[in-house]
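Working notes for the structure below.
Values quoted throughout were computed directly from the atomic coordinates according to the rules given, and no laboratory measurement underlies them. None of the values given here were measured: they were computed from a predicted structure. Here the Cβ is made from the backbone with ideal geometry for all residues, glycine too, and neighbour counts use every protein chain on show.
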């Protein structure tokens, strides 16, 4: 065969192979889409996680219930090695009862939630409130006799409320503003740490502070390091707290009846990530891992729907779809449902420290894809400034545009579980979702219920995650990490 004819044959063969690979890719993406749209389990998973299990504070029985439920689903779908991976977390906590009622000058049940890891009250506490929001530390020290056994209002009336969301991503080609927004917060004359120490020494029975959210929305988190002998702490809807504070300032302090019951869990000080996988089949690539994930934990009010049941369901349903269509990925596709995200990305940090603590181990991660902030459909991915990876993700996104996946953006986003991967020099990326009412209303509040998303959005997010995971598992090369400076 002459040289020109050999070149022609090779070109034709290469074109045929590329055409065949393109057909195979298109066929597999069509199968992923059909499975995700026609036989979806996403809504059923979502309803179980939000309506039946509900809030999933790390260290609580509800979180363990959710983790074991996820293991059962992965086992049912035939995923390999579904298991729990422990890391040290500390004591758990559960809210068992809270009631705050104004009894004088009239009866009003108040919208109120305990801060996580708050100790309980010593039974029912009744009496007139003592207001110290406008007091200095020296003035509070002089009120010791008045504060012993008292219901204390610790902050000034709330005048600035959380009034908007961070800029919405994915709407046009303008740069995207990312990161948690600066939100309004309660204020007191005496700094909170000093204030709580003074009230503890004075023997206050319980403290109340306002929420900075509007219209009865109560934003509540907590500190797992709170001492068990601290003053019990409850957050009250801002408008209702203001009524109490105004009456107290006017010399007519209202009377309240307060009861808080909480429980600590000391027996098992571990928390657990949920892990399962679909093993890779290519002998040269099967030890490499495409990892997808989301955090399963939430705070303890509402049902943790947009933060982050929708993300957890997207990751779970993506794995079910890939397993259901019978594909044999070249690389292993693994799912991780993290715990401890709300306490500082603890589950993901533990996983990175345990699994990727050598250069050889880090070399086995092809990519990590995370689903967390925002709600609704997946619009694309934040690319962490990684332009080389963005070129690949743009190609993968193109077939999904008719489902509402609009664009990847080069900007980065923080404060979620892909961050420990990036810090370790690994390619980790988070999905883009809308922030419509997310910061203002649902994130970390008593309003985070499943009505904020739809069956269509759950299906679409799972299809996008499955499509990206499959393409990453089949690609000839791993996703390049961001170049370090």
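For segment 314-422, evaluate the Debye formula with one uniform point scatterer on each Cα (no solvent term) and list log10 I(q)/I(0) at q = 0.10 Å⁻¹, rounded to two decimals.
-0.34
Assuming R0 = 25 Å, can you tell me the calculated FRET efficiency for the pair residue 415 and residue 91, based on Cβ-Cβ distance, to the nearest 0.05?
Values: r = 24 Å, r/R0 = 0.98.
For R0 = 25 Å, the calculated efficiency reads 0.55.
Would you calculate, for the chain, the mean residue ellipticity at 222 nm contributed by helices, counting each DSSP H stretch of 4 or more residues as -39,500 (n - 2.57) and dividing by all residues, to the nearest 500?
Computed ellipticity for the chain at 222 nm equals -10000 deg cm²/dmol.
Would you mind putting 365-376, 224-235 in packing order, based on average other-beta-carbon counts within 10 Å, highest first? Display every interim value, and only then the final one.
Values: 365-376: 26.2, 224-235: 18.2.
With the highest mean Cβ count within 10 Å placed first, the list reads 365-376, 224-235.
Could you tell me how many degrees, from 0 to 90 and to the nearest 10, lie between the Cα long axis of helix 61-76 and the main elongation axis, the longest principal axis, of the Cα atoms of the chain?
Between the helix axis and the principal axis of the chain, the angle is about 20 degrees.
Taking the radius of gyration and the Kirkwood hydrodynamic radius from Cα positions alone, what is the Rg/Rh ratio for the chain, to two decimal places? Could the numbers behind the result be given before it?
Values: Rg = 25.8 Å, Rh = 24.3 Å.
Rounded to two decimals, Rg over Rh is 1.06.
Taking N as the number of residues in segment 93-265, what is its alpha-carbon radius of gyration divided by 2.2 N^0.38 Å?
Working: Rg = 17.2 Å, N = 173, 2.2 N^0.38 = 15.6 Å.
For segment 93-265, the normalised Cα radius of gyration is 1.11.
Can you sort 35, 250 from fewest to most other Cβ atoms within 10 Å of each residue's own Cβ? Write down the numbers at each step before the final one.
Numbers: 35 21, 250 8.
Lowest count first: 250, 35.
How much length is gained if the chain between residue 265 and residue 81 is pulled fully straight, taking 0.36 nm per residue apart and subtracting their Cα-Cα distance, in nm to one decimal?
63.4 nm
In percent, how large is the relative contact order of the chain, given Cα pairs closer than 8 Å and 6 or more residues apart? Intermediate results must be reported in sequence, preceding the final value.
On the way: 1094 pairs, mean separation 103.6, N = 485.
Taking the mean separation of contacting Cα pairs over the length of the chain, I get 21 percent.
Based on DSSP, what percent of beta bridges with both residues in segment 93-265 are antiparallel, to the nearest 5?
Numbers: 20 of 31 bridges.
So the antiparallel bridges in segment 93-265 amount to around 65 percent.
Assuming R0 = 51 Å, what is the FRET efficiency of residue 25 and residue 201, from their Cβ-Cβ distance, to the nearest 0.05?
Numbers: r = 67 Å, r/R0 = 1.32.
The formula returns an efficiency of 0.15 here.
Semi-axes, largest first, in whole Å: what does sqrt of 5 times each Cα gyration tensor eigenvalue give for segment 48-126? Don't skip to the answer; put the middle values down first.
Values: eigenvalues 279, 49, 9 Å².
Taking √(5λ) for each eigenvalue gives 37, 16, 7 Å, largest first.
Please report, largest first and rounded to whole Å, the three semi-axes of the ellipsoid equivalent to segment 219-378, where each semi-axis is the square root of five times an eigenvalue of the C-alpha gyration tensor.
Working: eigenvalues 396, 68, 31 Å².
Over the Cα atoms of segment 219-378, the ellipsoid semi-axes are 44, 18, 12 Å.
At 37 °C and 0.692 mPa s, what whole-number value in µm²/s does Stokes-Einstein give for the translational diffusion of segment 237-276, with Rh from the Kirkwood sum over Cα pairs?
Numbers: Rh = 14.5 Å.
Translational diffusion coefficient: 227 µm²/s.
Using only alpha-carbon positions, what ratio does the radius of gyration of segment 297-357 give when scaled by 2.2 N^0.38 Å?
On the way: Rg = 14.2 Å, N = 61, 2.2 N^0.38 = 10.5 Å.
Normalised by 2.2 N^0.38 Å, the Cα Rg of segment 297-357 equals 1.35.
Which distance in Å, rounded to a whole number, links the C-alpha centroids of segment 433-460 and segment 94-113?
Cα centres, segment 433-460 to segment 94-113: 27 Å.
Quick one: angle between helix 3-38 and the longest Cα principal axis of the chain, in degrees between 0 and 90, rounded to 10, please.
On a 0 to 90 degree scale, this one is about 40.
Whole number please: convex hull volume per residue of the Cα set in segment 369-414, in Å³?
Details: hull volume 3.2 nm³, N = 46.
It comes to 69 Å³ per residue, whole-number rounded.
Taking the 0 to 90 degree range and rounding to the nearest ten, how far is the long axis of helix 455-474 tilted relative to the main principal axis of the chain, both from C-alpha atoms?
The angle comes out at about 50 degrees.
How long is the gain from residue 255 to residue 108 if the chain were fully straight, where each residue apart is worth 0.36 nm and the alpha carbon distance is subtracted?
51.9 nm
Count the DSSP beta bridges whose two residues both fall in the chain, then state the antiparallel fraction as a percent rounded to the nearest 5. Spell out each step's value before the answer.
Values: 38 of 65 bridges.
Around 60 percent of the beta bridges assigned by DSSP in the chain are antiparallel ones.
Debye calculation, C-alpha points only, no solvent: report log10 I(q)/I(0) for segment 21-67 at q = 0.21, 0.24, 0.32 Å⁻¹, in the same order as the q values.
The calculated log intensity ratios at q = 0.21, 0.24, 0.32 Å⁻¹ are -0.71, -0.80, -1.03.
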